[in-house]
Amino acid sequence: MAILTDPILTDEEELYWLALRLVPGLGTRRSAILLERFHTPQAIFRASASELENAGLPGALARSVASGCSFEDAAGQQQLMRESGAQLIPISDPRYPEPLRKIFDPPPVLFARGDVALLTSICLGVVGTRHPTPYGIAAAERLSGDLARAGLTITSGMARGIDTAAHKACLAAGGATIAVLGNGVDIVYPSENKKLAAEIVAKGLIVSEFPMAAIAFPQNFPIRNRIISGLGCGLLVVEGAQYSGSSITARLAIDQGREVFAVPGNITSKMSWGPNLLIKQGAKLIQDWNDVVVDLPQPAQRRLIDEGRQRIMSQGLGEAAETSGNRSASEVAGQNIPGPQGLAARRVLERLKVDAAIQLDTLVDSMEETSASEIMAALFELEMLGLVRQQPGRNFVKVW
């Protein structure tokens, strides 16, 4: 759909977009057809019923649009948005996420609360069952936290179980997360996630295509799942039954051309049927965060690397490297990682070689003065800095 991006909306433009969203029976596909034909909501509402019929609308629906009957509801929505601090992001807005704009049926508008800039970040969906096992919770927390530290924005649905675990781990790691709701952004569902929702609004972003005050009807959740997968460059499935919502989201991700990743599980647990079946069908088996990153699309990988380098420069590592004389970049960076982590990183760099890989267990055994967890954390940091590369079999080499 060829839609030109416009600057941030005026109040009047916002009202027209809201009115378009609230026309009963219009839907995303018909909205897209009208926007393709008329370009703006204002032009749509100025068209006559016959012009709208010529654009493909049924007669009754064309008359409903031409009558402007949805503007009263739109004004009420605008008031609710002001009261809750929500923003409207129409598909014409430059802040509207480009990956979502390219799916088959992108929502014409998104309601958002929080840091709207996250919509243009590199996103990865994490989904799973509402009734996870302890293993599933542990896997979701570890992977979401590690991927957030790697620079990815974790998107999920703020549902009970895996979704909640992913959001919490991401926030605990100081990362960015987006919650995609099946109700209005001013409604918290489930209610026990009220504190989590407030934290996501403060540090991340909550979005929905459903209007303000919309209730969480069961039929809304399969609809919102296409946004969870559509926002990102990939989807990670942790646990779920064979015909679960997470399996539906995985099929949507495949249809959208996204990479699908799955955490393998116990074959005797029904919560493992979904991800295990996805792996049999070609999804990438995931054991750690690096398994995800190495299979992301090349543009996403390059952007992660560039943003990681910018973080390094902001911490002063780049400046130190420029003034290091004949010392290698890895030596300089290792000496400038602050705190205990820096000491562990320097010790790891001293033992790693450029021309020969060292297996993780061998590295741990050779560093009796440093704990295994410190070594793993140091390797993670050094990989993010581009100073160490992991090879198959958990073998590590120093980057030249």
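Some points to look at:
- Evaluated at q = 0.10 Å⁻¹: base-10 log I(q)/I(0), Debye formula over Cα of the chain: -0.73
- When the Cα positions of 127, 35, 89 are compared along the charge dipole of the range 1-145, 127 comes out farthest toward the positive end, with charges on each C-beta of Lys, Arg, Asp and Glu.
- Per residue of the chain, the DSSP helices (runs of n ≥ 4 H) give a summed -39500 (n - 2.57) that works out to -14500 deg cm²/dmol at 222 nm.
- Summing +1 for each Lys or Arg and -1 for each Asp or Glu among the other residues whose beta-carbon sits under 11 angstrom from that of residue 57 gives +1.
- Cα extents of the range 3-155 along the three principal axes, largest first (Å): 58, 29, 28
- Counting lysine pairs in the chain whose alpha carbons fall under 23 angstrom apart, excluding pairs fewer than 8 residues apart on the same chain, gives 8.
- Only Lys, Arg, Asp and Glu carry charge here, each on its Cβ (+1 for the first two, -1 for the last two); on that basis the chain has a dipole of about 680 debye about its Cα centre.
- Rg [Å, one decimal], Dmax [Å, integer] - the range 138-222, C-alpha atoms: 12.3, 35
- For the peptides 207-213, 160-166, the ranking by mean Cβ contacts within 10 Å, running from highest to lowest, is 160-166, 207-213.
- Rounded to 5, the percent of DSSP beta bridges in the chain classed as antiparallel: 45 percent
- Relative contact order of the chain: 11 percent, from C-alpha pairs under 8 Å at least 6 residues apart in sequence.
- Degrees separating the helix 220-231 axis from the principal Cα axis of the chain, which is the longest one: 50 degrees
- Per-residue packing, averaged as other Cβ atoms within 10 Å, sorts the ranges 220-229, 43-52 into the order 220-229, 43-52, beginning with the highest.
- Using the average count of surrounding beta-carbon atoms within 10 Å as a protection proxy, the listed peptides 97-103, 53-59, 261-267 rank, highest first, as 261-267, 97-103, 53-59.
- Computed over neighbours whose Cβ is under 12 Å from that of residue 210, the net charge equals 0, Lys and Arg +1, Asp and Glu -1.
- All other residues whose Cβ lies under 12 angstrom from that of residue 110 are scored, Lys and Arg at +1 and Asp and Glu at -1, for a net of +3.
Read-outs throughout are calculated quantities, based only on the coordinates presented, and are distinct from any laboratory measurement. Computed from a prediction, not measured in an experiment: that's the story for all the values here. Cβ coordinates were reconstructed from backbone atoms using ideal geometry, including for glycine residues, and neighbour counts include every protein chain displayed.
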